[in-house]
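**Q** First the structure, then my questions, so here it is.
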Amino acid sequence: VLVDLDRDLPLPLSVQLATQLSDAIRRGSLREGATLPASRTLALQLGVSRGVVTAAYSQLSTQGYLVMQQRSVPRVAALPSTAPSTEREEAAPTPLVDFTMLSPDLGLVPRRDWRRVLEHAIRVSPAQVLDYGDPRGQLELREALVDFLGRTRGVVSSPSRVIVCQGSLQSLDIACQLLASRGAARVALEDPCAAEIRTAVRRAGLRPVQIPVDAEGIRVDLLAAEAPDAALLTPAHQFPTGSVLSERRRADLVDWLVRTGAQLVEDDYDAEFRYGTPAVPTLQEKAPDRVMYAGSASKTFAPGLRLGWLVVPESAADAAGRIKWSLDGGSPGLEQVAFARLVTSGAFERHLLRARVEYRKRREALEAALAGALPRTRVEGGTGGLHLTLRLDRPVDIGALDAAASRQRVRVQAVESFLHEPAKRAERLVLGFARLHPSSSAHAAASLATVLQLAGGA
Ligand SMILES: Cc1ncc(COP(=O)(O)O)c(C=O)c1O
């Protein structure tokens, strides 16, 4: 393998190696299926420690460039069709540090367990699992989810009220269509929020009403004053600010729901990961007839599964099934049976335990590195999920931030770019840490400090 490591660069050798290999894969000089030397061999060739090579390989596997299997050498993976391949896109080099990755580390997916439950599903499932079925999903999975969500999130439900969806984005689409079919017109949203949420609301013909968020979560007083028909919120870990809805506001919100008959869509997209802080209870538990609860395997397992769930009040269950049918005729059956087995066998919760330990380490390593490289910044919000929010000591121009980041091959997003009317200045950054190995966090934080300095903010 032609690589050229420069010991004088202030860049860890593993990062240099990973970058050069990913550039070669993207250029096509290392093609799909090509094998790379075993880590020991390459380390000898390059005159570096084996740890340098294994760290680079593990980063490339996490990013989807390499397939790593036990007892065999790494192979170049098939690049997804969205991966840059045209000449124009090739001009944008692979980022050295990517804080915009908010998805889990795919290297942590327990493939052996997953293979076991997929095989089990194929072996034991009756033929009907291959047929059109109840559009709400396979009964095994809906039963498993009722138990799992009741046990871990206090969600009050029954199998008839659960709709298995293609990720929580589809759950939110279905929830919005349900709201529209029940006569809702105006839906309160957190501002800032994920763009996909505004899109889901508009797609259903509903009008978004923007409500500001502060350190205690959404301003429930302003929400109530707007008197919308419904609200769509991320109360346990507001995206992207990281705020956790305070107890006082939770009580006010439940009071508002009960008093006005309004509906709430609770997007609980990353609640399974909390690091040393107690789980935040759901609002669904407090008002199961007023709340539609959306969850997903995208943060806990793999977003590519496109597996999510929506728990609706009993009165909306049939209508929700009809909407799901009209969207796609129901989610694929075999994967549902497999995932049900993963949950009921305990393998899913074992995976969650392992992943939680790993992500906690990564978050703590990043926090420590940020405290060292950017001592005047402050981490804000709840300690959960796969991202943290960093408050800068002074605002930076978002255009200057983007330009400096691209020069340094860093990808990073400002909280303020998620506002309904995006601000010109960034006061906070959203930093995804799930794919940032602790050995890279010092380099990542130092790169961010350089970017901020170049952008005129630190
Ligand atoms: C606020 C929010 N909701 C939901 C999701 C998950 O979407 P899905 O489950 O469709 O992958 C995300 C993903 O990043 C998110 O940020």
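**Q** Would you calculate the separation in nanometres between label points at residue 147 and residue 352, each defined as 7 Å from the Cα along the Cα-to-beta-carbon direction?
**A** Each label point is offset 7 Å from its Cα along the Cβ direction, giving 1.3 nm.
**Q** Report the full-extension gain for the segment residue 326 to residue 227: residue separation times 0.36 nm, less the Cα-Cα distance, to one decimal in nm.
**A** In short, 32.6 nm is gained.
**Q** Label points 7 Å out from Cα along the Cβ direction at residue 215 and residue 124: separation in nm?
**A** Reported label-point gap for residue 215 and residue 124 is 5.1 nm.
**Q** Let me ask you something else. Roughly speaking, what is the stretch gain from residue 111 to residue 453, that is 0.36 nm per residue apart minus the C-alpha to C-alpha distance, in nm to one decimal?
**A** 118.9 nm is the gain from fully extending residue 111 to residue 453.
**Q** Rg(Cα) of the chain divided by 2.2 N^0.38 Å?
**A** Here the Cα radius of gyration is 1.02 times the empirical estimate.
**Q** Leaving ligands and nucleic acids out of the surface, order 100, 344, 282 by accessible area at 1.4 Å, largest first.
**A** 344, 100, 282
**Q** Between residue 279 and residue 27, what is the spin-label point distance in nm, taking each point 7 Å from the Cα along the Cα→C-beta axis?
**A** 5.0 nm
**Q** To test your reading of the geometry: what angle, between 0 and 90 degrees and rounded to tens, separates the Cα axis of helix 347-373 from the longest principal axis of the chain?
**A** 60 degrees
**Q** Would you please give the FRET efficiency between residue 439 and residue 251, computed as 1/(1 + (r/R0)^6) with r the Cβ-Cβ distance and R0 = 41 Å, to the nearest 0.05?
**A** 0.40
**Q** Using only the alpha-carbon atoms, how far is helix 317-328 inclined from the longest principal axis of the chain? Give it as 0 to 90 degrees, nearest 10.
**A** 40 degrees
**Q** Report the extension gain between residue 259 and residue 44 in nm, rounded to one decimal, defined as 0.36 nm multiplied by the number of residues separating them, less their alpha carbon distance.
**A** The span from residue 259 to residue 44 would gain 70.4 nm if fully extended.
**Q** What number, rounded to the nearest 500 deg cm²/dmol, is the helix-based mean residue ellipticity at 222 nm of the chain, given -39500 (n - 2.57) per DSSP H run of at least four residues and division by all its residues?
**A** -13000 deg cm²/dmol
The values are calculated or read from the model by the stated rules, or taken from the named source; none is laboratory data. Fair warning: this is a prediction, and the values are worked out from it, not measured in the lab. All Cβ positions, even for glycine, are placed from backbone atoms using ideal geometry, and neighbour counts span all protein chains on display. Only protein heavy atoms, including side chains, enter the accessible area calculation; ligands, DNA and RNA are left aside. Shrake-Rupley method; radii C 1.70, N 1.55, O 1.52, S 1.80 Å.
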